[in-house]
Amino acid sequence: MHVWKSLSRVLAPTLLLPLLGAAPPAAPPAPKPAPAVKAAPGAQAARPSKQYSVEQFMGSTDVMGPVFTSDGKQLLFSSNASGIINVHSVPVGGGKPTALTRSKTDSIRVVGAFPNDNRFLFERDKGGDEQTHVYVRTPDGKEKDLTPMKKGVAHFLGFSQDDRAFYITTNERDPGAMDVYRHDAKTYARTLLAQNDKGFGVAGVAPDESWVALEEAVTTSDGNVWRYDVATKTLKNLTPHTGTVSYRVGDIHPVTGELYLITDDGSEFSRVVRPAKEAGKWEDVEKADWDIIATEFSRSGAYRVSLINVNAGIEVRLHDVKAGTQVPLTQLPAGMISEVIFSRDEKQLAAVLETDRSSANLYVQDLATKKATRVTDTMSRELDSEDLVDAQVVRFKSFDGMEIPNLLYKPHQATAQNKAPAIVYVHGGPGGETTRGYNNFIQYLVNHGYVVLGINNRGSAGYGKAFFKADDQKHGKDPLRDCVEARKYLASLPYVDGSRVAILGGSYGGYMVLAALAFHPDAFDVGVDVFGVSNWLRTLKSMPPEWGAFRQAMMQEIGDPEKQEAMLKEISPLFHADKIKKPLFVVQGANDPRVLQAESDDMVAAVKKNGVPVEYLLLPDEGHGFKKKKNEAEVDRRTLEFLDRYLKPATATAPKP
């Protein structure tokens, strides 16, 4: 069975997911130091550019999570083409996609296709509450909840190597522990395979089902892999170590059962290792000059594919295991691949590929002929990619000399004679990363005349262990000062009006917005906070129970509300809201289980007492993020209107209390 199905599994274990569209790598190491790149005035020549409405941008659709059907003739995937995420299918040779589910209220994501027939499995929650259940859909269109819990979370883990069963994890027994259940592929009858009393993360099941691989997050930078023996119900730590070292599961070889791990033990870079001949030792399998964030085998182990985090982008390596060679993917167009999956017969490879100026599409490559076929067409027909912009990798030195990497988006119309307002865009996390690829929201803002700097402040993934750990127990301080320095960097660019700069972010990035306005009240002119933390004491105490041991890892990084109450109050914007004096726009999902609605309610009420302009948009049918295009469009539109009101002289109005 495959341990991971897409990049999202590898990049998910952060407290607070990022804002619209930017992927959040989990905790990887770093690149070799690169020279600072200064954005020259002529980095992108000024030219006329058509301006598009939010509706025209919303004409593009998202595609994700490709899964081959058992016969390899169709590709199942999830898409928001209908306005909300549903499951679709498309022939591997191309053609018109067919909607297989038609939910109008809740997002539905395909997670697995049955090995010998046309059934498939999908996950859904209710209004973004993350109380996910696993369902099966039969060819006649009937759907059955395989995890009909009154309360709890369930996730699909994978199919057994013999195709006779599949595995689902749930926390129905203990809210803080995800147990592993084996479901019969024909009858759906289930048995408990592994009782996860430690609350570790579940990574995979051995081909012979004799053991289960578990991941322990000691801290966000330090982790172990454990082996749970099914017969004896005992645990063994496979990666004992000293110091701060990350070990996690890459994949389990589908035939030999060998564990392939990803670790940064002994270096700044994550690499792939496997058991060495000497007991208790690991030997290197694959290294890179950057961080390897994922590796996966095809069904028989004939191929292995790895994803590498390179300078805020993803590169793919495909290995022919038997030949010991790397297979070039030259038939795929240039761009960033964020997801890869093999067909069961190992004859085809499906990939999700995007660029800065074009939305993600699904491609299928024949591994024998090398022919690649694009099977979806997701870009809005009303958008001309020539009117959009490529991101430029830039770096600046922060207050203490630390080099901070960023992605810079420059509007076509911005020049030294026509200076543009700017936005510091902060990703989620902590431990996320602003990455290359298509971001509808950023392109919309840039198209309407805003320079956007997507900052990877200290604590971001992708730039080394030291950089990643540099924000531990320093939230609201050093990484926030990086954002303040980002404004100074923007003001140094000849095409930026340094007197008109906003800070904008979602989730942890939303916290950074509130913190910037509270702790550096003169640093930015306005702030846009999308489901951001205002009170760390409350957020840390209310972390979802199914996160298990990871809850303690987050407290190790941010602070323990029981032992560090004074410190957490010091860095929580809610307790310093009286210092905020700049206009603020707040967006919140009513069903958010990570940042509760009270976080935004309290912050808005507190800031209003200052007589500061505050706008509040509460989305009753969303959680931590946007699942519905209508809501995404409203947030985009309202954000642009807010920014224009306060940052563009031609449309600015006198601030109103």
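As a rough guide to protection, the peptides 506-512, 611-617, 143-149 ranked by mean Cβ packing within 10 Å, highest first, stand as 506-512, 611-617, 143-149. Sorting the Cα pairs of the stretch 269-344 by distance into bins of 5 Å, from 0 upward, gives 3, 14, 22, 25, 20, 10, 4, 1, 1 percent per bin. Mean separation of Cα pairs under 8 Å and 6 or more residues apart, divided by the residue count, gives the stretch 232-353 a relative contact order of 14 percent. Database remark: amide H of residue 247 closer than 5 angstrom to the amide H of 223, 224 (H placed geometrically; neighbours at sequence offset of 5 or more, or on other chains; Pro and chain starts carry no H). Counting lysine pairs in the stretch 346-487 that sit 8 or more residues apart in sequence, or on different chains, and whose Cα atoms lie under 22 Å apart gives 11.
Along each principal axis, taking the top coordinate minus the bottom one, the Cα set of the stretch 223-334 gives 49, 33, 23 Å in descending order.
Each listed q (0.13 Å⁻¹) maps to a log10 I(q)/I(0) for the stretch 402-509, found by the Debye formula over equal Cα scatterers with no solvent: -0.46.
Residues whose amide H comes within less than 5 Å of that of residue 132, counting only those at least five positions distant or on another chain, are 154 (H built at 1.01 Å from N in the peptide plane).
When peptides 365-375, 230-240 are sorted by average Cβ neighbour count within 10 Å, with the highest value leading, the order is 365-375, 230-240. Once you reduce the stretch 466-484 and the stretch 489-541 to the center of their Cα atoms, the two points are 14 Å from each other. Averaging Cα coordinates gives a centre for the stretch 331-400 and one for the stretch 129-172; these two points are 30 Å apart. In the chain, the longest principal axis of the Cα atoms and the axis of helix 478-491 are about 60 degrees apart. Once backbone amide H atoms are built at 1.01 Å from N, residue 157 has 167, 168, 169 as its partners under 5 Å, excluding neighbours fewer than 5 places away on the same chain. Over the stretch 171-232, Cα pairs under 8 Å with separation of 6+ residues give a relative contact order of 22 percent.
For the stretch 138-268, lysine pairs separated by 8 or more sequence positions, or belonging to different chains, with Cα-Cα distances below 30 Å total 13.
Only Cα pairs under 8 Å and 6+ residues apart enter the sum, and on that basis the relative contact order of the stretch 512-657 stands at 26 percent. Restricting the stretch 246-292 to GluC sites (Glu not before Pro) that sit in a DSSP loop and have at most 12 other Cβ atoms within 10 Å of their own Cβ leaves 278. Counted over all Cα-Cα pairs of the stretch 182-245, pairs farther apart than 18 Å make up 41 percent. The alpha-carbon of residue 96 sits under 16 angstrom from the alpha-carbons of these aspartates and glutamates, leaving out residues fewer than 8 places away in its chain: 62, 377. Using 0.36 nm per residue and subtracting the Cα-Cα separation, the extra length available between residue 103 and residue 173 on full extension is 22.3 nm. The rule of thumb for compact globular proteins, 2.2 N^0.38 Å, goes into the C-alpha radius of gyration of the chain 0.92 times. Calculated mean residue ellipticity at 222 nm for the chain: -4500 deg cm²/dmol, from DSSP H runs with n ≥ 4 weighted as -39500 (n - 2.57), summed, divided by the residue count and rounded to 500. Projecting label points 7 angstrom from Cα along Cα→Cβ for residue 371 and residue 163 puts them 2.6 nm apart.
Only the coordinates and a few stated rules stand behind these numbers; no lab work does. Not measured: the values here are computed from a predicted model. So basically every Cβ, Gly included, is an ideal-geometry build from the backbone, and we count neighbours across all protein chains shown.
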